[in-house]
1. Can you name the condition, by its number, that B:Asp91 falls short on among (1) closer than 24 Å to B:Thr192 by Cβ; (2) in contact with a helix residue (DSSP H, G or I) (Cβ under 6 Å, 6 or more places away or on another chain)?
2. Pick out the one residue from B:Glu165, B:Glu102 that is of a type in the set (Asp, Glu), under 18 Å from B:Ala201 (Cβ atoms) and within 14 Å of chain A (Cβ to nearest Cβ).
3. Quick check: anything in the range A:14-36 at pLDDT below 95, within 12 Å of DNA strand C (Cβ to nearest atom) and more than 10 Å from chain B (Cβ to nearest Cβ)?
4. Would you check which residues across the range A:122-148 are among the polar types (S, T, N, Q) and open to solvent by 50 Å² or more (accessible area, probe 1.4 Å) and list them?
5. Which numbered condition in (1) within 13 Å of chain A (Cβ to nearest Cβ); (2) under 19 Å from the mean Cα position of the chain (by Cα) is the only one that B:Arg110 fails?
6. Among residues belonging to the range A:67-103 that are open to solvent by 40 Å² or more (accessible area, probe 1.4 Å) and polar (S, T, N, Q), point out the one that is farthest from DNA strand D (Cβ to nearest atom).
7. Among the residues of the range B:152-186 satisfying the criterion of being of a type in the set (Val, Ile, Thr) and touching a residue at least 60 places away in the same chain (Cβ under 8 Å), which is nearest to B:Gly90 (Cα to Cα)?
8. Do you know which residues across the range A:42-76 are of a type in the set (D, E, K, R) and over 27 Å from A:Arg167 (Cα atoms)?
2 protein chains.
Amino acid sequence: MKNGSEGNLRSQSLVGGTLANDVLHRLREDIISCILKPGEKLRFEAMKDIYGVSFSTLREALSRLSSERLVVSEGQRGFKVAPISSEDLGDLTNARVLIEKECLLRAMERGDDEWKSRILSTFHRLDRLENELEGQRRVTPEWDQLHAEFHEALVGASASPTLAEIRDRLFERSRRYRRISAMVRKTPRAKTDEHRMIMEAVLSNDVDHAMTLIERHVREIAQNIMENGLEVTPVQAA
Amino acid sequence: MKNGSEGNLRSQSLVGGTLANDVLHRLREDIISCILKPGEKLRFEAMKDIYGVSFSTLREALSRLSSERLVVSEGQRGFKVAPISSEDLGDLTNARVLIEKECLLRAMERGDDEWKSRILSTFHRLDRLENELEGQRRVTPEWDQLHAEFHEALVGASASPTLAEIRDRLFERSRRYRRISAMVRKTPRAKTDEHRMIMEAVLSNDVDHAMTLIERHVREIAQNIMENGLEVTPVQAA
DNA sequence: ATATGCGATAATTTCGAAATAATAAGAACA
DNA sequence: TGTTCTTATTATTTCGAAATTATCGCATAT
């Protein structure tokens, strides 16, 4: 039984040290990957078995996720997975543009060689994978991972724990929309050079160009998602 | 016994519907007002009695507060109140400048008459209180409340749930520093016209001026706080 | 002296049962 | 038929005991 990730033999690879933290991470991933569908009611009895934890521990994780806007708390009527909507995606995208630009700007002002080399290496890993995947499959978990690492590398020198955390939160929320979009895409995703262009602008210290590109990138993704339709994964409205 | 706020007869004024939510709010306020001091270890056994809840409920609240950066989780070694530092204050201030400006900008682009009248009324309430307090006491809880309401009113029309939530979080963190600063201030706080100037710029649709003023306001507060010294409320370092 | 290992103590984390609140189903009434 | 109580059922929230993990003190060895 247990949950997808791996059989959990207590105290083995507990992501954050505690079981509560581990469940938090697993739940977050399951929501982002839409194993738990948008709007879906989260029943304790069932989840308890699936994730192999008790009421309290489960509740702690759900409570935290609700503060990350991946879960919605319904008074004393439990929790459900945060619904998706084009309004939410639009709002999220605006916030992301603001934050990603600021983080990237700060990183470009501060970044050292190590920062640059990490950008280079994460880009190449992503690029290599995209070539292998050329024209074929949808967004794989591996792509998602490398894509996240590339963007993380870009802002890795922003030197602001507060902004970095905000960025992470927004990025995670957008990952879910990306996955949804990939699930319903009809035509295989065209490989673009956006990431390469961003990388080049950043490594050549062209701040203005980098700002323009990162904004376009964030907005284009949202645009793609909306065009691919959002009403997917209907899940009986609550 | 129970905790400061009020005697809680179950299901009477539970802020968020659940007891867990209520404890969350009470803890947050106690941290911001430094009843729980920066860096202080939070022991379950004691807190359990003070707040009148069980281990699990308490843990849920602490876990959420740690995601708000008001509490720090120490692996499987419990929780402590987030320490204060000038680095943290600086980081926080930078983020606040970015977010407050964006929220205010958006509000000014969108705000209607109701928005403006709320700004006016919250300003007057704040102003009246400041006149009564003229030269005498430190930052009172009432001032803190009205001050928060004025700033909230300013951005009340920003029409972005995501940005609004981010702003709230940052504002709460800064409230704590403000309280700390007030506690150690030697000279009574001089009443400034900053709030009036901001209000006037906003109500007269002078975007550029409003942006300049709000940035200066946020930075000035941080500046004051640092000048008043921060090493207060030492609390044996962990 | 300093370091290492062991046992006892104290703290946190986790569990599952008990209490509480919401929902559904049915009965009584207009 | 529709409405409003009441009761039964289901789900969530909360508690406090039990398990786990960290910490402290002391003995032993280097």
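The values are calculated or read from the model by the stated rules, or taken from the named source; none is laboratory data. Just so we're clear, the structure is a prediction, and the values are computed from it rather than from any experiment. Every residue, glycine as well, gets a Cβ built from its backbone with ideal geometry; the counts of neighbours run over all protein chains shown. Ligands, DNA and RNA are excluded from the accessible area calculation, which covers all protein heavy atoms including side chains. Shrake-Rupley method; radii C 1.70, N 1.55, O 1.52, S 1.80 Å.
1. (1)
2. On the way: B:Glu165 fails: under 18 Å from B:Ala201 (Cβ atoms).
The conditions single out B:Glu102.
3. Checked against the condition, which is being at pLDDT below 95, within 12 Å of DNA strand C (Cβ to nearest atom) and more than 10 Å from chain B (Cβ to nearest Cβ), the range A:14-36 yields at least one hit.
4. The answer is A:Asn131, A:Gln136, A:Gln145.
5. (2)
6. Going residue by residue through the range A:67-103, those that are open to solvent by 40 Å² or more (accessible area, probe 1.4 Å) are A:69, A:72-74, A:76-77, A:83, A:86-87, A:94, A:101-102.
Restricting the remaining residues to those that are polar (S, T, N, Q) gives A:73, A:76, A:86, A:94.
On the way: A:Ser73: 7, A:Gln76: 4, A:Ser86: 28, A:Asn94: 31 Å.
Result: A:Asn94.
7. Ranking the qualifying residues of the range B:152-186, first place goes to B:Ile180.
8. Correct list: A:Arg43, A:Glu45, A:Lys48, A:Asp49.
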